[in-house]
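Undergrad: Below: one structure in structure tokens.
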Amino acid sequence: MKDIINVKQLKQHILTGISYFIPLVVGAGLTMAIGRAMAGQSVANLGESGLGYWLYQTGSLGMQLMVPMLCAYIAFSMGGKPALAPGFIIGWVAQNINTGFIGGMIGGIVVGIIVNACKKYVRLPKSLEALTGMLIIPFLATAVSGLLMYAVIRGPIVWLMAVLTDFLQSMSKGSRFMYGGVLGAMATFDFGGPVNKTATAFVNALYAEGIRDAKTVQIIASMIQPFGIAISCLIAKNKYTRAEKETLKAAVPMGCFMISEGVIPIAARDLVRVVLACVCGSFVAGGMSMMWGNSSELLNGGFIAFPFFSSPVQGLICLAAGSAVTGIILAVIKKPVTEEEERAGENLGRELSEKDLDDIDIEVIG
């Protein structure tokens with residue numbers, strides 16, 4: 001069983017995926033953030049050409065590769081070269097069924113398991129053995145993993161989003177603090193996954209009807225993750241690896257424009273604690289904002305939207321309070337980094353070896 005999946009090594013496989021998609025998140029995220037800053041009040045101001053538009057589009061398209069790349073290199077770490085292409089495909093499936101980076105992680109593990117199972121149980125005649133790694137395994141891993149993503153994983157996600165939408169509608173009739181708190185927590189919970197998507201769709205629908213206080217909650221909550229984690233790092237530096245501290249240097253500027261994906265590499269290493277702290281901070285900030293009735297004239301933009309709040313000062317107070325709550329809670333509950341974790345953080349997982357590169361055959365068809 002261990003040659004198919006070794007549970008003790010799952011964390012290392014996930015770290016491998018993180019090691020490869022950190023440069024993508026930083027490069028694409030900062031490029032997108034600069035383009036967004038040049039847009040001013042609305043992305044539509046960029047038009048369809050020019051420096052700002054090109055930067056924003058480049059970064060935006062790059063960010064769409066985040067989940068596929070994470071999925072692919074988790075699969076590669078588990079199953080080697082035959083798992084790489086299926087991993088990219090299943091990562092793109094995860095992206096399109098709105099499962100977020102958690103769906104990408106699950107997809108990568110599924111691909112890795114199937115590839116390893118194929119290596120162990122699929123046997124071809126010697127004359128056809130060369131096709132195993134190039135044709136048979138990639139096909140089976142892609143087909144079976146894709147079926148599982150659509151038939152098994154997608155169903156519960158659709159059901160969850162419907163339940164959460166009904167829950168938000170019922171919450172809107174009760175306490176404004178609780179309503180705003182739940183909205184804020186959902187906007188933060190899964191870094192762009194189904195819970196976040198449900199909250200986003202809900203507040204956008206309200207915005208279209210002229211109800212704009214919920215949108216303010218979402219804007220503020222979407223910025224709390226990088227700021228809160230950065231505060232935690234300042235309070236408890238011994239609880240973050242050197243690689244994570246470097247990642248935060250890019251994540252914080254990205255967070256100024258509601259691009260929270262920069263902290264995903266940090267969250268993935270300590271998912272439960274990071275999510276718990278971020279949810280608590282966003283709950284407080286969202287509750288305060290909704291209780292005050294602060295509304296926004298812009299749909300997004302991070303700090304760009306603040307001047308268009310009905311009360312920018314209240315918005316800053318909510319952001320500061322939520323970030324502080326997140327930072328303090330995370331600084332308390334997060335465990336100190338061990339020497340082993342620090343060493344692992346230097347390369348964040350398995351890198352391509354020379355043997356891996358030697359095994360890659362490139363054929364030019366003329």
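Undergrad: How about region 171-195: which of its residues are in contact (Cβ under 8 Å) with a residue 40 or more places away in the chain and β-branched (Val, Ile, Thr)?
TA: Hits for region 171-195 are 182, 188.
Undergrad: Consider residue 98 carefully, then state whether it is surrounded by fewer than 22 Cβ atoms within 10 Å (Cβ to Cβ), closer than 26 Å to residue 159 by Cα and modelled with pLDDT under 90.
TA: On the way: surrounded by fewer than 22 Cβ atoms within 10 Å (Cβ to Cβ): yes; closer than 26 Å to residue 159 by Cα: yes; modelled with pLDDT under 90: yes.
Yes; evaluated as a whole, the condition is true for this residue.
Results for (1) at pLDDT 95 or above; (2) in contact with a Leu (Cβ under 9 Å, 6 or more places away or on another chain); (3) surrounded by fewer than 20 Cβ atoms within 10 Å (Cβ to Cβ), shown as yes or no for each residue.
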| residue | (1), (2), (3) |
| --- | --- |
| 281 | yes, yes, no |
| 286 | yes, yes, no |
| 297 | no, no, yes |
| 304 | no, yes, yes |
| 308 | no, yes, yes |
| 322 | yes, no, no |
| 325 | yes, no, no |
| 335 | no, no, yes |
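Undergrad: Taking only region 258-278 into account, find how many residues are buried (at least 24 other Cβ atoms within 10 Å of the Cβ) and over 12 Å from the mean Cα position of the chain (by Cα).
TA: Of the residues in region 258-278, 3 are buried (at least 24 other Cβ atoms within 10 Å of the Cβ) and over 12 Å from the mean Cα position of the chain (by Cα).
Undergrad: Which of the residues belonging to region 15-32 are more than 22 Å from residue 137 (Cβ to Cβ), crowded, with 16+ Cβ neighbours inside 10 Å and within 16 Å of the chain's Cα centre (by Cα)?
TA: Those that are more than 22 Å from residue 137 (Cβ to Cβ), crowded, with 16+ Cβ neighbours inside 10 Å and within 16 Å of the chain's Cα centre (by Cα): 15, 18, 19, 21, 22, 24, 25, 26, 28, 29, 30, 32.
Let's see how each residue does on (1) touching a residue at least 60 places away in the same chain (Cβ under 8 Å); (2) within 22 Å of residue 29 (Cβ to Cβ):
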site: 236; (1), (2): yes, no
site: 252; (1), (2): no, yes
site: 268; (1), (2): yes, yes
site: 314; (1), (2): no, no
site: 330; (1), (2): yes, yes
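Undergrad: OK, next. Report, by residue number, each residue of region 103-139 that is open to solvent by less than 50 Å² (accessible area, probe 1.4 Å) and either in contact (Cβ under 8 Å) with a residue 60 or more places away in the chain or among the small types (Gly, Ala, Ser) (or both).
TA: Residues satisfying the conditions are 103, 104, 105, 107, 108, 109, 112, 116, 117, 133.
Undergrad: Let me ask something else about it. Within region 196-220, track down each residue that is touching a residue at least 60 places away in the same chain (Cβ under 8 Å) and open to solvent by 20 Å² or more (accessible area, probe 1.4 Å).
TA: 196, 197, 204, 207, 212, 213
Undergrad: Right, here's the next one. Residue 223: open to solvent by less than 40 Å² (accessible area, probe 1.4 Å), in a helix (DSSP H, G or I), modelled with pLDDT of 90 or more and not polar (S, T, N, Q), yes or no?
TA: yes
Undergrad: While we're looking at this one, here's another question. Which condition number does residue 41 fail, the rest of (1) open to solvent by 30 Å² or more (accessible area, probe 1.4 Å); (2) outside any loop (DSSP other than H, G, I, E, B) being met?
TA: Among (1) open to solvent by 30 Å² or more (accessible area, probe 1.4 Å); (2) outside any loop (DSSP other than H, G, I, E, B), the lone unmet condition for residue 41 is (2).
Undergrad: Which ones in region 54-91 are open to solvent by less than 60 Å² (accessible area, probe 1.4 Å) and either on the phi > 0 side of the Ramachandran plot or hydroxyl-bearing (Ser, Thr, Tyr) (or both)?
TA: Across region 54-91, the qualifying residues are 56, 60, 73, 77, 80.
Undergrad: Something else about it: Check off (1) modelled with pLDDT under 90; (2) of a type in the set (Gly, Ala, Ser); (3) more than 18 Å from residue 152 (Cβ to Cβ) for residue 103 and give me the number that stays unchecked.
TA: Against the list (1) modelled with pLDDT under 90; (2) of a type in the set (Gly, Ala, Ser); (3) more than 18 Å from residue 152 (Cβ to Cβ), residue 103 comes up short only on (3).
Undergrad: Within region 146-169, work out how many residues are touching a Pro at 6+ places or on another chain (Cβ under 6 Å) and either outside any helix (DSSP H, G or I) or of a type in the set (Asp, Glu) (or both).
TA: Qualifying residue count, region 146-169: 0.
Undergrad: Restricting to region 170-206, name every residue that is in a helix (DSSP H, G or I) and closer than 25 Å to residue 65 by Cβ.
TA: Across region 170-206, the qualifying residues are 187, 188, 189, 194, 195, 196, 197, 198, 199, 200, 201, 204.
Undergrad: Any residue in region 65-81 that's in contact (Cβ under 8 Å) with a residue 60 or more places away in the chain and within 8 Å of residue 111 (Cβ to Cβ): show its pairings with residues that are assigned to a loop (DSSP other than H, G, I, E, B) and open to solvent by 10 Å² or more (accessible area, probe 1.4 Å) at Cβ separation under 9 Å, as long as the two are six or more apart or on different chains.
TA: 78/5; 78/6
Undergrad: Would you point out the residue of region 226-242, among those that are not in a helix (DSSP H, G or I) and not polar (S, T, N, Q), that is nearest to residue 329 (Cα to Cα)?
TA: Kept after step one, since they are not in a helix (DSSP H, G or I), are these residues of region 226-242: 236, 240-241.
Retained after the next criterion (residues that are not polar (S, T, N, Q)): 236, 240.
Values: 236: 11, 240: 15 Å.
Result: 236.
The values are calculated or read from the model by the stated rules, or taken from the named source; none is laboratory data. Note that the coordinates shown come from a computational prediction; the quantities given were computed from them, not determined experimentally. All Cβ positions, even for glycine, are placed from backbone atoms using ideal geometry, and neighbour counts span all protein chains on display. The protein model used for the area step is the full one, side chains on, heavy atoms only, and it has no ligands, DNA or RNA in it. Shrake-Rupley method; radii C 1.70, N 1.55, O 1.52, S 1.80 Å.
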